[in-house]
Amino acid sequence: MPTRNKNDLINIIKPFFDLNFFFIVIAIILFGLLILSSASIELSSKQFNGDPFYYLFRQVNYLLFSLFVCSFFLYISTERLKKNYFILLIFFLFTLLLVNLDIFTRKAGGSARWLSFSGLNIQPSEFFKLFYIVWLCAFLDYKKNSIRRLDIFIIPFIWFSISAVLLIQQPDFGSTAVLFFMTLLLLFIAKAKFIHILFSGLLGSLVGIITLLMNPYMLARFNFFKPCENDGYQLCYSLMAIGSGGIFGKGLGASTSKLFFLPAAHTDFIFAVLAEELGIFGIILIISLFYLFIRKCFLIGDRAIRVGLIFQGYLAYGIGMFITMQVLLSMAVNLGMVPTKGLALPLFSYGGSNYLVSILSISIMFRIYRDVYKKSINSSIR
């Protein structure tokens, strides 16, 4: 009976998975669970009768549920996503509207961002960001021959404006900023006129500055130079945690900031705990892992466009930039470079909605890779 060698197994798997991409994702997920376990262990023990791993087990449950749900996306052609892009956009706009109308809404931290059904809390803005990108990529594919016309160029900004109004009322300025920059970047990739992109960027920045000036409490959160003033204790402890980590950190589990000094240590400020425990070494490690992930997204996107799968190529670029912006903004919040807002670090911060959306984005990337591989094989046969 013939035996299969390593190359035979790789050739069997190759049409379904990019193995390098797969191992990068696994490394990020495991690293994220490790850091979450360390960041949440004290809070979990205090809140849940001495159970130190409550948040970790909950996150593992979110992971398993996400893998179960997203496994179906591996069997859904990306062309079907493209054909139903408008329905998806309208559906998630509707969920944002439910939040704004205070229907089935749960409030936390002064914001109303969650829909609550029988104890199940869902943050619609997390899902909306992803499917807004799906819609925009499909639109840019359909309009690829006319996107340089001004009347076509402004259509994405009309939909962005509608979305921004709903998001800002929650308030969710972080998601609004992500969608704005995603719109500009994808229009650039789609080769829209640079002057149109530049003018839109300047106009959007001006609107953002005016919004800040009209909301003094937001302006007060730009306290990088005086982090311990203006109620900036959260940022103050975040910077102290990051600064105390040194080169190799205090050691895994040895953070003092998570001992109820730093609020949201297991969610919005998990990067600060990582930096304190693993130091510059840990920061370089997490940046390197996400760099490899994002680079792989861009390589798949480039290959998709080269074989004629324009929508899939735009979407791969979009998902890569989507993850990039969330990582950069989360780190920037921890460093006080942007106002303190609820921005999760993908696959690290505790939370079901963001985790599900992150895994969903990854499953779409695997499906894009599969479609690109099939198209490449078919093209070579012809």
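Every number here is computed from the coordinates shown, using simple stated rules; none is lab data. All values derive from a computational prediction rather than experimental measurement. Methodologically, a virtual Cβ is constructed for each residue, glycine included, from the backbone with ideal geometry; neighbour enumeration extends over all protein chains shown.
Past the 26 Å Cα-Cα mark, which pairs from K83/K375; K129/K374; K193/K375; K144/K296?
Values: K83/K375 18 Å; K129/K374 28 Å; K193/K375 30 Å; K144/K296 24 Å.
Over 26 Å Cα-Cα: K129/K374; K193/K375.
What list of ³J(HN,Hα) values in whole Hz, one per residue of region 271-281 in order, does the Karplus curve 6.51 cos²θ - 1.76 cosθ + 1.60 (θ = phi - 60°) give from phi, with Gly and Pro shown as x?
My calculation for region 271-281 gives 5, 5, 5, 4, 5, 5, 7, 10, x, 4, 4 Hz in order.
Summing +1 for each Lys or Arg and -1 for each Asp or Glu, what net charge is found among the other residues whose Cβ lies under 12 Å from the Cβ of D141?
Numbers: positive: K82, K83, K143, K144; negative: E79.
My count for the surroundings of D141 gives +3.
For S146 and L328, compute 0.36 nm times the residue count separating them, minus their Cα-Cα distance, and round to one decimal in nm.
Once the chain is fully extended between S146 and L328, it gains 62.3 nm.
Residue farthest toward the positive end of the dipole of region 233-382, with Cβ of Lys/Arg at +1 and Asp/Glu at -1: which of G253, S376, A241?
Comparing the listed Cα positions along the dipole, S376 ranks first.
Hand me the chymotrypsin sites (Phe, Trp or Tyr not before Pro) from region 259-331 located in a DSSP loop with no more than 13 other Cβ atoms within 10 Å, in residue order please. Present the calculation step by step, with values, prior to reporting the outcome.
Working: sites: F260, F261, F269, F271, F281, F290, Y291, F293, F298, F311, Y314, Y317, F322; in loops: F260, F261, F269.
Of the chymotrypsin sites (Phe, Trp or Tyr not before Pro), the ones in loops of region 259-331 whose Cβ has at most 13 other Cβ atoms within 10 Å are F260.
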